[in-house]
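Chemist: Have a look at this one.
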Amino acid sequence: MSRLPVRRFDALIIGAGGAGMRASLQLAEAGLSVAVLSKVFPTRSHTVAAQGGIGASLGNMSEDSWLWHMYDTIKGSDWLGDQDAIEYMCRMAPQVVYELEHYGMPFDRNADGTIYQRPFGGHSANFGEKAIQRACAVADRTGHAMLHTLYQRNVRARTQFFVEWMALDLIRDADGEVLGVTALEMETGEVMILEAKATMFATGGAGRIFAASTNAFINTGDGLGMAARAGVPLQDMEFWQFHPTGVAGAGVLITEAVRGEGGILLNSQGERFMERYAPNLKDLASRDIVSRSMDQEIKEGRGCGPHKDYVLLKLDHLGPEVINKRLPSIREIAIKFANVDPIREPIPVVPTIHYMMGGIPTNVHGQVVVPQGADPTVVVPGLYAVGECACVSVHGANRLGTNSLLDLLVFGRSAGNHVVSLNLSAQSHRPLPQDAGELSLARLARLDAATSGESVAEVAGDLRKSMQAHCGVFRNQQLLSEGVDKILELEARAQRTAIGDKSRTFNTARVEALELDNLIETAKATIYSAEARRESRGAQARSDYPARDDANWLKHTLWYRDGNRLDYKPVNLKPLTVDAFPPKARTY
Amino acid sequence: MKFRIYRYDPEKDAKPRFQEYDIALDPHDRMLLDALVRLKVVDDSLAFRRSCREGVCGSDAMNINGTNGLACITNLKTLKEPVELRPLPGLPVVRDLIVDMSQFFKQYHSIKPYLVNDEPPPERERLQSPEDRESLDGLYECILCACCSTACPSFWWNPDKFVGPAGLLNAYRFIADSRDRDLNDRLDNLEDPYRLFRCHSIMNCVDVCPKGLNPTRAIGNIKTMIVKRAV
C-alpha cells in the first residue's frame, strides 16, 4: 500500500481558473463530491488578466451568425483547428454568455440594455467581408469580471476548494485508467493522494517557458508536465501565440480591444503599416499576422525608440471619454509600466508570448484522447482536460482574440456535464496501484536530499532565454536544432537542482523547483514539435519554409515524452452539421 | 538597494525577526516585485505570494514602508530606503510575508457574494440600462487583495465580527445591481452593531486601495439605505 494519506472524491479538478470553475459549477450543482485544487486562491488564477472580451454571435450590434464566427475561427486557425469542435464552440457561444449574465456578470450595456460588443482581430461579418462587433465586454476587465462571477456562483453552489494545493503527478493503474493525483498542501508541506473516479486538468497555460511573456508566474504548464510524465502525448505544441501588443520591456498585456476601439499601430515613420500587410482588416487582422508584420517592420529598421526595437500603439485620437470608459485599465497599465498616458501619447509595444494553442489532446467532452492502433482518438479513462492546457482543437495554429474565454466556458461546461452523466456516485473507486505516489515522493526526496547543485532560478532563467532565442516569432532549422540541444542540456541541469530552503511551511522554493520540471516538459514538447514541422502555418513561421504546405502538414503533431517521439494525426475537416470549409489562402 | 524584511518561519524562529538585504538591482527592475524576485534568487527561503505581476490578481499585497499595497505595481523609485516590508497587519502570519487570509475570506463569504434572482431568466440576457450598469463601477473591480481590510483598525479589533471594507464594498456591489432581488435580506444581514456599524469612516481603506476604489462611500450608502428603510 501507498505510504501517503488518501482522500477520496467522485471528481477532482486541478485548477480554479475560468475552465476549472465553469466545470466545477456543473458538478457542484449536480451534487457530486468534487474537490477543486488550486495553487492560488481561485480569483488569483490567470483568467483574471484577460481583458478584451468573449466572442459570441449575439448580434447585439449588427447582424451576426455562429456560422460566420465558425468561419473566422477556422480561418484564424489556418485550417489546423478541428471543424467539428469549432462548430460546437461557436454554436454554444451565445448560451454560455447568457448564462454568465444570469450569474451576475457585469457586462457593459448598450442603450437598449443588451450586452455591449466590440470589434476584435480576425472577427468578421459574412465570411471575411468586414469587421464585426462580436466581443462581449466588461470594459477592459472581462477576465476579472468573469473569474469573479464564476467564483461567486461556485460559492453559492458550495464547491469545495483546496486553496494553495499543488498537484504533482497523475496516478494511473496498469490498465492506464487515471485514479487521481498526488498533491502538496503548500501551507503545511504535507503530501497526499487525492483519489477520484474522474480527474480533470484545468491548469492553464505555460507562457513562463519564454522570457517575454504576458503570463503570470503561476503559468508553468503543470497539467502538461503531469500528463507527459504519465505517458500522455501533447498536441500541436509548436503553436504559441505572440500577442502583438505587450508593453515593450515589461511584457504586460495591452488588449486587442485598444485596436478594436480604434487604436492603430505606427512605425518610426508614423506610418500605419498594417494597411500594407492586411488591406481589409488592417490593425484588426489575426494576431499571428499582426505580430509578424510588427517584427518585419522592426527588422527592416522602422522600429521606434533609441534601439528601434518597438512600434507604437496610438489611441489618443479616441479621446479621453472612450479611453476612460472602455479602456481604463489600459490607461493604468500604460502609466505604470510604460510611463506614458495614452490619452496624450502612444504606448511602446512588441509582440509578446501570450497563449499556447497546443496542449493535452481532448474531444469536445473534455475527455483526453490518444492514438491506439488505428484509432487516433481513444479515450484515456478517468482523465479530462479543459481550457488552455487542453487542445480540442478549436484554435489550431492561431487563436482568435476572445475565443480563449469562450473556450473555457464552452468546454468547462461540456466536460462538467460529461462527468455528471457518468453517474459517478454509483460507482466504486478502483484499487490504487502499489506504487501510487512513488514518483512524487522520489521527486521530493531528491530535492530534500540535495545539498548543492544547480539553482532553480538560473535554470529556469536560461530556459526562458533559450526558448525566446530559438523559438521566437520567426524560426528556422538552424535555430531550432540548436534549441533542441540547449533544452536537452537544461533538462539535465534541472535534474541536478538544489534548494536551500528545507522548511515544510509554505516552501515556495520547493514549489518553484517542482514547477521547473513542468516547464521543461513543455519546452521540450514545443521545440521538438517546431523543429519537425517544415512549413509556416499560423503562429509557426519558418523563414526557411515560408509557405503553408497542406499536402504534407495539414495534420496535428503529437509529442511523447518517451524518447521525444513525434506522431501525427489528421485534422478533422468535417463539421457536425454544416458543409466543411476547405483550406484556402489566408488574407485579411 | 537596501531592504529590511520581516522574517518568520515557525519551524525555525521562536519569534519574528527582521532581516536586512542590500542588493544590486538591474536597470530593468521597475517594481518592488522585481526586486523581491531578485532577492529570492539570493535567498530562496524568503516567502511571499505573487502571480499576475500587473495588479489584477491581488496576490502580492503587503505592508510597504508602513502602508499596504501591491508589490507588483509599487514603483521602486517611490520607496524610501531601507524599504521595510511586513506582512499585512492584523492577520495571522503563516510565514514571512504570507498571511493566513481565512478570516478575510470568511467575511467576504458572509455577505452572499453572488447575484440572487430566482425569477426564471429570459432566453437571452437580462436587460440592464447603461445607467444601472454604471452604478456598479467602482465596486465590481475589487481584487480581494485585502489591503483595505487589513489597514482598518475596526477590522483589526474585530476581524470575526466586522465584515470589513472589502466585504462591505462587495455587499454593496450586489445591493446596487438592478438585477439583484435580495435587497431586504442583504440589509438584514448587515444591520448589526458590528457587521456594518463598526465602520467609523476612518478611510484608511480608501487611502490604500490599489485599484482606487472607495469602500467608505459604499459603506455610507448601505448605512443610508438601512436608516431610510427604518423610517
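Chemist: Yes or no: residue A:74 out of contact with any Pro (no Cβ under 8 Å at 6 or more places or on another chain), touching a residue at least 12 places away in the same chain (Cβ under 8 Å) and within 14 Å of chain B (Cβ to nearest Cβ)?
Modeler: For residue A:74, the condition - out of contact with any Pro (no Cβ under 8 Å at 6 or more places or on another chain), touching a residue at least 12 places away in the same chain (Cβ under 8 Å) and within 14 Å of chain B (Cβ to nearest Cβ) - is not met.
Chemist: For residue A:449, all conditions in the list (1) surrounded by fewer than 16 Cβ atoms within 10 Å (Cβ to Cβ); (2) within 22 Å of residue A:222 (Cβ to Cβ) hold save one; what is the number of the exception?
Modeler: (2)
Chemist: Out of the helices (runs of 4 or more DSSP H) lying entirely within region B:162-222, which hold 1 or more residues that are of a type in the set (Lys, Arg)?
Modeler: B:164-175, B:183-190
Chemist: Could you list, in sequence order, all residues of region A:186-214 that are out of contact with any strand residue (DSSP E or B) (no Cβ under 7 Å at 6 or more places or on another chain) and either surrounded by fewer than 24 Cβ atoms within 10 Å (Cβ to Cβ) or more than 30 Å from residue A:239 (Cα to Cα) (or both)?
Modeler: A:188, A:189, A:190, A:211, listed by residue number.
Chemist: Please find, within region A:91-118, the residue that is surrounded by the most Cβ atoms within 10 Å (Cβ to Cβ) out of those that are out of contact with any helix residue (DSSP H, G or I) (no Cβ under 6 Å at 6 or more places or on another chain), within 7 Å of another protein chain (Cβ to nearest Cβ) and part of a helix (DSSP H, G or I).
Modeler: Checked region A:91-118; the qualifying residue surrounded by the most Cβ atoms within 10 Å (Cβ to Cβ) is A:101.
Chemist: Just one of A:193, A:218, A:209 is modelled with pLDDT of 95 or more, in contact with an Asp or Glu (Cβ under 9 Å, 6 or more places away or on another chain) and not polar (S, T, N, Q); which is it?
Modeler: Matching residue, one of A:193, A:218, A:209: A:218.
Chemist: Let me ask you something else. Would you pick out the residues in region A:33-61 that are part of a helix (DSSP H, G or I), more than 9 Å from every other protein chain (Cβ to nearest Cβ) and not β-branched (Val, Ile, Thr)? Explain how you work it out, then say what you get.
Modeler: Here is the first cut: in region A:33-61, the ones part of a helix (DSSP H, G or I) are A:42-44, A:46-49.
Going one step further and asking which of them are more than 9 Å from every other protein chain (Cβ to nearest Cβ), we end up with A:42, A:47.
Result: A:42, single match.
Chemist: Also: For the condition at pLDDT 95 or above, facing chain A (nearest Cβ under 10 Å) and touching a strand residue (DSSP E or B) at 6+ places or on another chain (Cβ under 6 Å), what is the one hit in B:22, B:9? Give the steps one after another, and end with the answer.
Modeler: Working: B:22 fails: facing chain A (nearest Cβ under 10 Å).
It is B:9.
Chemist: Now a separate question. If I filter region A:215-230 for residues that are more than 13 Å from chain B (Cβ to nearest Cβ), part of a loop (DSSP other than H, G, I, E, B) and buried (at least 24 other Cβ atoms within 10 Å of the Cβ), do I get at least one hit?
Modeler: yes
Chemist: Moving to a separate point now. Mind checking whether some residue in region A:260-270 is under 30 Å from residue B:130 (Cβ atoms), out of contact with any helix residue (DSSP H, G or I) (no Cβ under 6 Å at 6 or more places or on another chain) and in contact (Cβ under 8 Å) with a residue 60 or more places away in the chain?
Modeler: Yes: one or more hits.
Chemist: Report the residue count in region B:171-191 for those that are within 19 Å of residue B:128 (Cβ to Cβ) and surrounded by fewer than 19 Cβ atoms within 10 Å (Cβ to Cβ).
Modeler: Residues in region B:171-191 being within 19 Å of residue B:128 (Cβ to Cβ) and surrounded by fewer than 19 Cβ atoms within 10 Å (Cβ to Cβ): 5 in total.
Chemist: State all residues of region A:119-157 that are within 14 Å of another protein chain (Cβ to nearest Cβ) and among the small types (Gly, Ala, Ser); if no residue qualifies, say none.
Modeler: If the condition is that a residue be within 14 Å of another protein chain (Cβ to nearest Cβ) and among the small types (Gly, Ala, Ser), then A:137, A:139, A:143, A:145, A:157 are the ones that fit.
Chemist: Return the residues of region A:280-303 that are more than 27 Å from the chain's Cα centre (by Cα) and in contact (Cβ under 8 Å) with a residue 60 or more places away in the chain; say none if nothing qualifies.
Modeler: Passing the criteria: only A:280.
Chemist: Give the number of residues within region A:258-297 that are under 23 Å from residue A:53 (Cβ atoms), in contact with a Phe, Trp or Tyr (Cβ under 8 Å, 6 or more places away or on another chain), not in a helix (DSSP H, G or I) and not polar (S, T, N, Q).
Modeler: Count: 4.
Chemist: Tell me, yes or no, whether region A:240-249 has at least one residue that is surrounded by fewer than 22 Cβ atoms within 10 Å (Cβ to Cβ) and within 14 Å of chain B (Cβ to nearest Cβ).
Modeler: Looking through region A:240-249, at least one residue is surrounded by fewer than 22 Cβ atoms within 10 Å (Cβ to Cβ) and within 14 Å of chain B (Cβ to nearest Cβ).
Chemist: Residues of region A:366-380 being of a type outside the set (Gly, Ala, Ser) and either more than 18 Å from the chain's Cα centre (by Cα) or farther than 21 Å from residue A:83 by Cβ (or both), which ones?
Modeler: Here is the first cut: in region A:366-380, the ones of a type outside the set (Gly, Ala, Ser) are A:367-372, A:375-380.
Listed by number, the residues that qualify are A:369, A:370, A:371, A:372, A:375, A:376, A:377, A:378, A:379, A:380.
Chemist: Under the condition of being under 14 Å from residue B:36 (Cα atoms) and free of Cβ contacts under 8 Å to residues at least 60 places away in the same chain, which residue from region B:64-78 is nearest to the other protein chains (Cβ to nearest Cβ)?
Modeler: Out of the qualifying residues, it is B:75.
Chemist: Could you list all residues from region B:32-51 that are outside any loop (DSSP other than H, G, I, E, B) and at the interface with chain A (Cβ under 8 Å from one of its Cβ atoms)?
Modeler: B:40, B:41, listed by residue number.
The values are calculated or read from the model by the stated rules, or taken from the named source; none is laboratory data. Nothing here was measured: the structure is a model prediction, and the numbers come from that model. A quick note on method: Cβ atoms are made from the backbone with ideal geometry, for glycine too, and the neighbour counts reach across all protein chains shown.
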